[in-house]
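Working notes, structure below.
Each reported figure results from applying straightforward, stated rules to the coordinates on display, with no laboratory input. Computed from a prediction, not measured in an experiment: that's the story for all the values here. Using ideal geometry, Cβ is built from the backbone for each residue, glycine included, and neighbour counts are taken over all protein chains shown.
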Amino acid sequence: FNVSDSIDRIVVTIENSGSGIQSDELPLVFEKFYKTDKSRSQDKNGMGIVLDTTQKLGKYILPRFVGLNNEHLYMICLDKKRKLLNCSLLSEGGLGQVAVDLRSIVETALRCSASCVVLAHNHTQGFAVPSRDDIQMTRQVARALQMVSVELIDHIVISREEFVSMASTRGMWMEGSL
């Protein structure tokens, strides 16, 4: 059994050398690999990854949601140059909701010395379309972080292999605006 990885693809090769892995176990092997090697916080030169576009953020965070059957909330902490400082699982929920603890979000951002953060959560049923609750929660988080001089720059909603950036969706940040 051999796994080789790059940021763009994963290749799993199974050789019949007595590894004991059956073809129906591949999803579990794949999921275990991602759970043990999800950080991807450094490039080949050991420098921190810069996540300065919606596409880079989505590509970075999407693998964390592979195979999940309930909602999860992650927070990506970045410095002023949008360099990755930390990515943390903040909460695990049920099929249709995930709890949000504002105190935990603020503490994590401060502990990482983040200048800005990105939230990401998945919708296990349906589409990657932010709900009214998602929008309201995002505004609350943005206000809480603003009190400690940390900017919430995006909230990414994921469903299967697609994602929607609330910051890139016209009017989504509006309350007017966050």
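If you average 1/r over all unlike Cα pairs in segment 71-111 and invert the result, what Kirkwood radius do you get in angstrom? Before the final figure, lay out the partial values.
Numbers: mean 1/r = 0.0909 Å⁻¹.
Hydrodynamic radius (Kirkwood, Cα pairs) of segment 71-111 is 11.0 Å.
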Query raised in the report: Which whole-Hz ³J(HN,Hα) couplings does segment 64-76 yield from phi under the Karplus relation 6.51 cos²θ - 1.76 cosθ + 1.60, θ = phi - 60°, glycine and proline marked x?
Result: 5, 9, 4, x, 7, 9, 9, 6, 10, 10, 10, 10, 9
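Quick check: residue separation of residue 104 and residue 149 times 0.36 nm, minus the Cα distance between them. What number comes out in nm? Each step should come with its number before you reach the end.
Numbers: separation 45, 0.36 × 45 = 16.20 nm, distance 1.57 nm.
Roughly 14.6 nm would be gained on extension.
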Requested in this report: Report the chymotrypsin sites (Phe, Trp or Tyr not before Pro) located in segment 45-149 that are in a DSSP loop and have at most 15 other Cβ atoms inside 10 Å of their Cβ, or state none.
Outcome: 127
Query raised in the report: Quick one: what do you get for segment 60-178 if you divide its Cα Rg by 2.2 N^0.38 Å?
Result: 0.98
Report task. Using R₀ = 22 Å, calculate the FRET efficiency as 1/(1 + (r/R₀)^6) where r is the Cβ-Cβ separation of residue 69 and residue 132; round to 0.05. Result -> 0.40
